[in-house]
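The values are calculated or read from the model by the stated rules, or taken from the named source; none is laboratory data. Predicted model, so just to flag it, every value in this text is computed and none were measured. As a convention, Cβ positions derive from the backbone with ideal geometry for all residues, glycine included, and neighbour counts pool all protein chains shown.
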Amino acid sequence: MAEVKVTERKQRDGRIVLYLYYRHNSKRFRKSTGIKLFEKPRGEKERLHNRKAWLTAEKLALELQVSLKEGTGSQTASRITLHHAVDHFTATKTKENTRIMYQQMNKRVKGFFSSHLKLSELTKSHCRDFYDYLCQDSGKVSTANLRFINFKAVLNYFVKKEILLKNPAQYIEKRKSDSSQRVYLNESELELLKRTGCNDKELKRYFLFACYTGLRYSDLKALTYDQIRDNTVYISKQVKTSDSVTIPLSAFAKSLLDRKGRGYVFRIPSNSLVTYRLADWTRRAGIDKRVTIHTARHTFATLLLTKGVDIYTVKDLLGHKSLNSTMVYAKIINLKRQKAIELLDSQ
């Protein structure tokens, strides 16, 4: 099957047009998409245009590749490698966060499967082994499950395109995530962090703010002072879910804000760097837990439930769509209470 590639071609007038280049029946072809790029993009708007233009061209390339197929869908699948299929699917994602998520899955597909493996050669046994690999690689069942769901989405995409006849990963059972293993800080550990010095004062400020608001990393990073009015955080569109959330601020959370602040509330680096710096700070405090920025959100939820706040209010404050997502924290609290009672029997 012909592999269709997207290439740039500069026109006489200086404009750049994207072309599809491919071989078919031993002949070379170059087909204009009519999609134009800014040669030297100025500003975010033009850069975004170029990025979307490339994604559109990648979609056209895949559609052309499908239209050039010979015979049945299974015959086409015998000519496309799994690596190539995952690359194409990832390129169709326009949202940055979604694309990054699929890139993480893509990286693990290429680390596990041979570059020569064709879609038609992918079996249920392959997929089951890949799932086991994801569980070992991530160390967390929930993370492995998410990446495997993304992997299945790639295969379903090619089933719909009639390139794959069926999805070999469709009926593989995933392991249940142990919700009790979620890392959170109890009240005494939180107080300990407040009293412990931190080399990165900004880190201390935004991590503690997240512990008292439950904001995700993405929303915390995007938070501006315009979204804080009347001692309340108003987010009309969360980065992850696109839903709104309203969070009243406690006295301590308000104390972490700049009274005359403008623009972004916090200067937050990459997630990996935040995790690295948190490890140093929590080690100084004598806290033996693997703390990440998301630990702050878990801490917020468990503290509220420990204080007796009802589950529906906690759901609203976290901005959850489903009550099931919030019930995970209720199970943690119930387990904590059960263990406390068991201590009585051990005496």
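Worth pointing out:
- Residue selected from the stretch 307-332 under the condition modelled with pLDDT under 90 and among the hydroxyl-bearing types (Ser, Thr, Tyr), by the criterion nearest to Arg182 (Cα to Cα): Tyr329
- Selection within the stretch 86-128 - polar (S, T, N, Q) and farther than 22 Å from Val239 by Cβ: Ser114, Ser115, Ser120, Thr123, Ser125
- When restricted to residues that are in contact (Cβ under 8 Å) with a residue 12 or more places away in the chain and out of contact with any Leu (no Cβ under 6 Å at 6 or more places or on another chain), the stretch 130-145 contains 10.
- Failed item, numbered, when Ile268 is tested on (1) modelled with pLDDT under 95; (2) aliphatic (A, V, I, L, M); (3) within 20 Å of Asp316 (Cβ to Cβ): (3)
- All positions within the stretch 247-282 that are in contact (Cβ under 8 Å) with a residue 40 or more places away in the chain and among the hydroxyl-bearing types (Ser, Thr, Tyr): Tyr264, Thr282
- Matching entry among Asn167, Asn156, Asn150 (being surrounded by 13 or more Cβ atoms within 10 Å (Cβ to Cβ), part of a loop (DSSP other than H, G, I, E, B), under 24 Å from the mean Cα position of the chain (by Cα) and not assigned by TED's automatic domain parsing to the domain that holds Arg259): Asn167
- Subset of the stretch 268-286 [over 26 Å from the mean Cα position of the chain (by Cα) and surrounded by fewer than 16 Cβ atoms within 10 Å (Cβ to Cβ)]: Arg283, Arg284, Gly286
- Taken together, the residues in the stretch 239-262 that are within 25 Å of Lys95 (Cα to Cα) and out of contact with any strand residue (DSSP E or B) (no Cβ under 6 Å at 6 or more places or on another chain) amount to 6.
- When residues in the stretch 234-253 are screened for being among the aliphatic types (A, V, I, L, M) and closer than 16 Å to Lys315 by Cα, 3 of them pass.
- Members of the stretch 204-219 found to be touching a helix residue (DSSP H, G or I) at 6+ places or on another chain (Cβ under 8 Å) and at pLDDT below 95, listed by number: Arg216, Tyr217, Ser218
- Single residue of the stretch 97-117 satisfying the filter (outside any helix (DSSP H, G or I) and among the small types (Gly, Ala, Ser)) that is nearest to Ile80 (Cα to Cα): Ser115
- Only one entry in Val233, Val239, Val265 is out of contact with any His (no Cβ under 9 Å at 6 or more places or on another chain), more than 20 Å from His320 (Cβ to Cβ) and outside the structural domain of Lys95 (by TED's automatic domain parsing), namely Val265.
- Criterion (out of contact with any strand residue (DSSP E or B) (no Cβ under 8 Å at 6 or more places or on another chain) and either surrounded by 16 or more Cβ atoms within 10 Å (Cβ to Cβ) or in contact (Cβ under 8 Å) with a residue 60 or more places away in the chain (or both)) met by exactly one of Glu191, Glu173, Glu162: Glu162
- Residues of the stretch 307-328 satisfying the condition of being crowded, with 16+ Cβ neighbours inside 10 Å and touching a residue at least 60 places away in the same chain (Cβ under 8 Å): Leu317, Leu318, Gly319, Val328
- Residue among Arg15, Arg9, Arg23, Arg28 that is modelled with pLDDT of 85 or more, touching a strand residue (DSSP E or B) at 6+ places or on another chain (Cβ under 9 Å) and loosely packed, with under 14 Cβ neighbours inside 10 Å: Arg9
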